[in-house]
Amino acid sequence: MTSPDTETSSLYAKREPVFPKRVSGQFRTLKWWILAVTLGIYYIAPWIRWDRGPSLPDQAILVDIANRRFFFFMIEIWPHEFYFVAGLLIMAGLGLFLFTSAAGRVWCGYACPQTVWTDLFILVERWVEGDRNARIRLLRQRWDLEKTRKYLTKWTLWLLIGLATGGAWVFYFTDAPTLLVDLVTGNAHPVAYITMATLTATTFAFGGFAREQICIYACPWPRIQAAMMDEETITVAYREWRGEPRGKLKKGEPVSETQGDCIDCMACVNVCPMGIDIRDGQQLACITCALCIDACDEVMDKIGKPRGLIGYLALTDERAERAGQPARSAWRHIFRVRTLFYTALWSGVGVALVVALFLRSPIDINVTPLRNPIFVTLSDGSIRNTYDVRLRNKQGEARDYQISVTSAADLALSLEGVPGSVVTVPANETMTQRVYIIANRGTSAAEAERTDVRLWVEDLSAAQRVHHDTIFNGRGN
Ligand code: SF4
Ligand code: SF4
């Protein structure tokens, strides 16, 4: 039997829709700029061209899966150079540590794709349906022609944004102008259509409906970054010691001497995209977007009180201000041992990547000795070892590579199917050349079990050479 209490309680709270009110101010302006720049980069980047010569794609940013290469303007990353991508991911991680320890969830509030696209969707919603009160009225009113028209317009615009988002994503993986034509004419690969459909649907659902639910319930980041923040981290906070006891401001009546600066106007709550009240203290749901600061500053201006009832503040500042002392400058919170340590790590990885980028060789050599059998005895008694040498030409033109061997022992080298010791590797290609190393009968390498050898590859037109060390196996008598 179920008790009446059990029947009425639920593990899941029904989502209360959030209708953020329009607000203006310095942080809102900053957020508009970040939105314009990040979305602009995302949508425009695949269309930027970059001339790399006739044998290479001219798309500035391209993840060329078919040829297993990544192009970023003048930089070309091959699969065996994945450490560059790993390095960039490490830098992104360290950057997040740095920003979080300096200014809390600044990534969530300003630059996270979920925040940016939700902002854009809310902008469309406000443009079609009006500001907060009009949107609440429209939600509550029964379905009629006006509501149907407005909702259909909004959903269509959201779908178009979703489609542009999914479309832009697939353009990063193949030549964008060609793919656009293929998509429109129905000739693109099914994977392109499936990816676009998936991204269109997720953008539509996450930006249009799930919104703050993604940040509160789906994203692990709020839980992780709590470990990176300390009492010196600046974050958005309500100066409760200044605002309380709050009280409504009644027209024509003087403000009571005992009343705090908060006039309980709810402006900070009404603009919050997460639907929370910052006056309740620090909350997991707060993405530190600072819109409540703009809203409250506007109210303070109107009632003639100093700005900053809600502001960026560290816990140490809170303690100081409560004790009647001034807060430390924001710069002193940003530049401290912890953030400087993260900055040093971030810069170290960045410098290492740049150095590695400039020092990398345009030729790559990889040697695989054939071990079955480990050596062959030829009719004249000499010993032969076989190796597969993989040569990678990273240049935009064919190159002649000379293969040679050096060792303390006397060894000869020959190439399978090639007279002499020079092979031609086509532009931007990898080829495998079978190489034989021979030790004459009675020489030290033929009689020893193992002899160290060094295989060299020299680019004849650029006078550059690289080597790979390996082993020559003899009889071992
Ligand atoms: S906007 Fe400022 S004055 Fe209005 S309720 Fe929020 S904290 Fe109080
Ligand atoms: S409480 Fe303020 S800073 Fe936090 S999410 Fe809401 S509006 Fe943004």
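Every read-out reported here was derived from the displayed coordinates using simple, explicitly stated rules and does not represent laboratory data. Keep in mind it's a predicted model, so treat the numbers as computed, not measured. Neighbour counts run over all protein chains shown; Cβ positions are idealised from the backbone, glycine included.
Along the axis of the charge dipole computed for the chain (Cβ charges of +1 for Lys and Arg, -1 for Asp and Glu, origin at the Cα centre), the listed residues 335, 408, 48 are led at the positive end by 335.
Dividing the alpha-carbon radius of gyration of the chain by the rule-of-thumb value 2.2 N^0.38 Å gives 1.43.
In this model, which of 31/150; 251/305; 31/305; 21/251 are farther than 18 Å apart at the alpha-carbon?
31/150; 31/305; 21/251
For segment 374-427, the convex hull spanned by the alpha carbon atoms encloses 109 Å³ per residue.
For segment 363-473, what is the convex hull (Cα atoms) projected area averaged across all directions, in square nanometres?
On the way: hull surface 26.8 nm².
In nm², the orientation-averaged hull projection of segment 363-473 is 6.7.
Taking 18 Å as the straight-line reach from the Cα of residue 394, the aspartates and glutamates in range (excluding those fewer than 8 positions away in the same chain) are 51, 58, 64, 76, 81, 364, 429, 458, 459. Simple spin-label estimate for residue 153 and residue 258 gives 5.1 nm between the two label positions (7 Å along the Cα-to-Cβ direction from each Cα). Extent along the principal axes, Cα only, for segment 5-86: 72, 40, 20 Å, with the longest axis given first. Considering only DSSP states other than H, G, I, E and B, which GluC sites (Glu not before Pro) in segment 407-455 qualify as loop sites with at most 12 other Cβ atoms within 10 Å? The qualifying sites are 416, 449. Loop-located trypsin sites (Lys or Arg not before Pro) in segment 19-73 (DSSP state not H, G, I, E or B) with no more than 15 neighbouring Cβ atoms inside 10 Å: 22, 68.
Mean separation of Cα pairs under 8 Å and 6+ residues apart, divided by the residue count of the chain: what relative contact order is that in percent?
On the way: 722 pairs, mean separation 66.3, N = 477.
Over the chain, the number comes to 14 percent.
Below 8 Å, C-alpha to C-alpha, sequence gap of six or more: please give me the relative contact order for segment 212-359 in percent.
Working: 151 pairs, mean separation 38.2, N = 148.
Taking the mean separation of contacting Cα pairs over the length of segment 212-359, I get 26 percent.
Send over the per residue convex hull volume for segment 69-148, Cα only, as a whole number of Å³. Working shown, then result.
Values: hull volume 14.1 nm³, N = 80.
Residue-normalised Cα hull volume stands at 176 Å³.
Considering the zone a paramagnetic label at residue 343 would reach in this model (a point 7 Å from Cα along the Cα-to-Cβ line), which residues of segment 74-112 have amide N under 17 Å from it? In segment 74-112, the label zone of residue 343 (backbone N under 17 Å from the point 7 Å along Cα→Cβ) covers 94-104. Ordering 222, 173, 417 by the projection of their Cα atoms onto the charge dipole of the chain, which places +1 on the Cβ of Lys and Arg and -1 on the Cβ of Asp and Glu, puts 222 at the extreme positive end. Sequence-distant contacts, meaning Cα pairs under 8 Å at least 6 residues apart, place the relative contact order of segment 361-477 at 30 percent.
Charges only on Cβ, +1 for Lys and Arg, -1 for Asp and Glu: so what's the dipole of the chain about the Cα centre, in debye to the nearest 20? All intermediate terms of the calculation are to be shown ahead of the outcome.
On the way: 52 positive and 49 negative charges, 267 e Å.
Value, rounded to 20: 1280 debye.
Label-to-label distance for residue 390 and residue 265 is 6.7 nm, based on points extended 7 Å past Cα in the beta-carbon direction.
Enumerate by residue number the GluC sites (Glu not before Pro) in segment 98-151 meeting two conditions: DSSP loop (anything except H, G, I, E, B), and at most 15 other Cβ atoms within 10 Å of the site's Cβ. Mind dumping the intermediate values first?
Details: sites: 125, 129, 146; in loops: none.
Passing sites in segment 98-151 do not exist.
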